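Have a look at the structure below, then the notes.
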Amino acid sequence: PLTSQVKNKAPAEVQITAEQLLREAKERELELLPPPPQQKITDVEELNDYKLRKRKTFEDNIRKNRTVISNWIKYAQWEESLKEIQRARSIYERALDVDYRNVTLWLKYAEMEMKNRQVNHARNIWDRAITTLPRVNQFWYKYTYMEEMLGNVAGSRQVFERWMEWQPEEQAWHSYINFELRYKEVDRARTIYERYILFSALQHLPNVQFNHRSFFNIPVLVIVHPDVKNWIKYARFEEKHSYFAHARKVYERAVEFFGEEHMDEHLYVAFAKFEENQKEFERVRVIYKYALDRIPKQEAQNLFKNYTIFEKKFGDRRGIEDIIVSKRRFQYEEEVKANPHNYDAWFDYLRLVESDADAETVREVYERAIANVPPIQEKRHWKRYIYLWINYALYEELEAKASKRTRQVYQACVELIPHKKFTFAKIWLLYAQFEIRQKNLPLARRALGTSIGKCPKNKLFKGYIELELQLREFDRCRKLYEKFLEFAPENCTSWIKFAELETILGDIDRARAIYELAIGQPRLDMPEVLWKSYIDFEIEQEEYEKTRNLYRRLLQRTQHVKVWISFAQFELSAGREESLSRCRQIYEEANKAMRNCEEKEERVMLLESWRNFEEEFGTDTTKERIDKLMPEKIKKRRKLQAEDGSDAGWEEYYDYIFPEDTANQPNLKLLAMAKLWKKQQQESEAAQMDPDKDIDESQS
């Protein structure tokens, strides 16, 4: 066979896919399809011929796919348009034989009968529909609406009753209630509400066995948990129609119905608002408090909010404070549940409870708080916890006035603390002070003695000694000081207090012996304070020779400048004729002793103190001499090094050059020459800047 020769076999510039070809063919098919011609029927024969062709087309479509219900509906609607009602009914019936569960088919069938005013046929279809498909609410709605539009109220009520037997959803019951209300049948609506509440309960637990008591008199469904909103709607219905007593009874039945196991805040809020509208404010307050005491706090947020608004509107200050306290108490409960060892939250909670609760409630919260013992036996973890016990004891003593319980709290606390690892002196001292307030001195001494025996501490000794001092038991104080100094011989404060006690008692020799023992200790925490106290003691006793000996003994141990200055001031204040010479001699000795001192600032301090002394008590000769001893202050530079040894630059510092030091004489001469040269330079510069002034000076 002959084939066409393709001359240009190169690919086309625009490539076309097979999908694009098919899409264009489909689009062009629709475009090129000519519209059906307008057919004008002029006689009966043409009409019959048209009907025959059309029916044949519909039947062919149905024969091809019987399950496509839209073909049946189009066929029936076409027959209906020709007023062929019998044929349309036949088509619908044939379609129902194919698929009787199709809701649209039943609706179109019934609408056709209603449109053509075939009421009995429509009733028949609705009856068949609700019998076949009773759970399709649309059938029931349209059936009742049709009967109501026809004015057949009794028939519509009968349909509703048949519908209610199937226990439909909530909206169906409300439709029935609204139907009765439209015809002012309030009693019937109330009865429907009663049945609806019962059915709603049955829907939640259909297998629950009930006794034969009347539900309307005594609710027996207290073990079920239906929806609260049904009760609320029922009560609002009664309120709307001004049956306030009935509305209150509905709310009360609802509260009894749900019991305390299935309480819901929405019910109590609605109940309270109803009573608020009736101006029953005391009843409102009782309802809110009853609900808040029984509903879990995390489920009562809306209840708290509405109660607060109510108290702000109608309550007094006390009522507002009560609701705020309840809300804060809930917050603290949540905090301590989340972290039981959050002692700050416990403190806040206890402070709140103490301000607005009875003693038993406060004790209960305290017991819960102290039960949370720190898991680690380290003192830093117990510091906040121990204050729970202290506050508990103080509350029992001061607020509850229960001394016996207070003693039990203190004893339980001291038994709980691990004294071998650490202790708290505050607890022992508070316990002893409590017993003193109860006039029970033996128990107070026993508590402090036990504390010193188990876990001696400086604070315990001091507290015990202070107690005995207040009681004027000086022999006990001496024994306690002896025990204290055996426990802590390096504590200078204890030595000083012991010596002061003996001084007050007039035993000077014992006080001096205590001071001698103290300064003879190999290790002291504040030796300068101890020496100063000893020296002041001898000065008060006017033992000046012993004071000088003490200063000499102290200078053998240290050459500190303050000791020399204090020694000189002591000699000055001795008040004798040779005091000035003695004081000057001390300054001379100190100056000689501190020539080799590395700290030049201390030597400068000594010389300044000496100069002040000479300015007040000295002569011109001594003043001139001390002025010659004063050092020169010069600025120097020194090299700095970083931590890694690298060069960190230079810094300036001040140094002192003393005239007495022979090694510094060349430096002083060099410094004087430098100052003279600088002065000459300044004078020469001034002469160059003002030559006329020099001429005038030469002429003059």
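The values are calculated or read from the model by the stated rules, or taken from the named source; none is laboratory data. Since this is a predicted model, take the numbers as computed values, not measurements. Because the Cβ atoms are built from the backbone with ideal geometry, glycine has one as well, and the counts that use them run over all protein chains shown. Surface areas here come from the heavy atoms of the whole protein model, side chains and all, with no ligands, DNA or RNA. Shrake-Rupley method; radii C 1.70, N 1.55, O 1.52, S 1.80 Å.
The number of residues in the stretch 58-68 that are surrounded by 12 or more Cβ atoms within 10 Å (Cβ to Cβ) and not hydrophobic (A, V, I, L, M, F, W, C) comes to 3. Of all the listed residues (Asn116, Asn71, Asn102), the sole one being of a type in the set (S, T, N, Q), farther than 24 Å from Tyr141 by Cα, in the same structural domain as Phe139 (by the TED database) and surrounded by 10 or more Cβ atoms within 10 Å (Cβ to Cβ) is Asn71. Of all the numbered requirements in (1) at pLDDT below 70; (2) assigned to a strand (DSSP E or B), Pro659 misses one, and that requirement is (2). Just wondering, is there one or more residues in the stretch 485-494 that are assigned to a helix (DSSP H, G or I), β-branched (Val, Ile, Thr) and under 22 Å from Asn458 (Cα atoms)? There is at least one residue in the stretch 485-494 that is assigned to a helix (DSSP H, G or I), β-branched (Val, Ile, Thr) and under 22 Å from Asn458 (Cα atoms). Of the numbered criteria (1) over 52 Å from the mean Cα position of the chain (by Cα); (2) in a helix (DSSP H, G or I); (3) surrounded by fewer than 16 Cβ atoms within 10 Å (Cβ to Cβ), the one Gln559 fails is (2).
Looking for whichever is under 30 Å from Val362 (Cβ atoms) and either in contact (Cβ under 8 Å) with a residue 60 or more places away in the chain or surrounded by 14 or more Cβ atoms within 10 Å (Cβ to Cβ) (or both) here; the options are Gln438, Gln408. Which one fits? Outline the logic, then answer.
On the way: Gln408 fails: either in contact (Cβ under 8 Å) with a residue 60 or more places away in the chain or surrounded by 14 or more Cβ atoms within 10 Å (Cβ to Cβ) (or both).
Being under 30 Å from Val362 (Cβ atoms) and either in contact (Cβ under 8 Å) with a residue 60 or more places away in the chain or surrounded by 14 or more Cβ atoms within 10 Å (Cβ to Cβ) (or both) holds for just one of Gln438, Gln408, which is Gln438.
For the criterion of being polar (S, T, N, Q) and surrounded by fewer than 14 Cβ atoms within 10 Å (Cβ to Cβ), Gln470 passes. Taken over the stretch 384-427, the residue count meeting the criterion of being within 34 Å of the chain's Cα centre (by Cα), outside any helix (DSSP H, G or I) and not charged (D, E, K, R) is 7. Among the residues of the stretch 637-654, none qualifies, meaning not one is among the acidic types (Asp, Glu), surrounded by fewer than 16 Cβ atoms within 10 Å (Cβ to Cβ), at pLDDT below 75 and outside any strand (DSSP E or B). Candidates in the stretch 526-576 are the residues that are at pLDDT below 80 and acidic (Asp, Glu); of these, the one that is farthest from Asp509 (Cα to Cα) is Glu571. A single member of Ala201, Ala245, Ala254 is in a helix (DSSP H, G or I), of a type outside the set (D, E, K, R), under 20 Å from Leu267 (Cα atoms) and at pLDDT below 60, and it is Ala201. Comparison of Glu516, Glu538, Glu542, Glu608 shows that the only residue that is on the phi > 0 side of the Ramachandran plot and either free of Cβ contacts under 8 Å to residues at least 40 places away in the same chain or assigned to a loop (DSSP other than H, G, I, E, B) (or both) is Glu542. Just so you know, in the stretch 485-506 the residues that are free of Cβ contacts under 8 Å to residues at least 24 places away in the same chain and open to solvent by less than 50 Å² (accessible area, probe 1.4 Å) include one that is farthest from the chain's Cα centre (by Cα), and it is Glu502. The set of residues from the stretch 85-104 being free of Cβ contacts under 8 Å to residues at least 12 places away in the same chain and either under 21 Å from Ile130 (Cβ atoms) or not in a helix (DSSP H, G or I) (or both) comprises Glu93, Asp97. Applying the condition of being of a type in the set (S, T, N, Q) and surrounded by fewer than 11 Cβ atoms within 10 Å (Cβ to Cβ) to the stretch 604-627 and asking which residue is farthest from Lys592 (Cα to Cα) yields Thr619.
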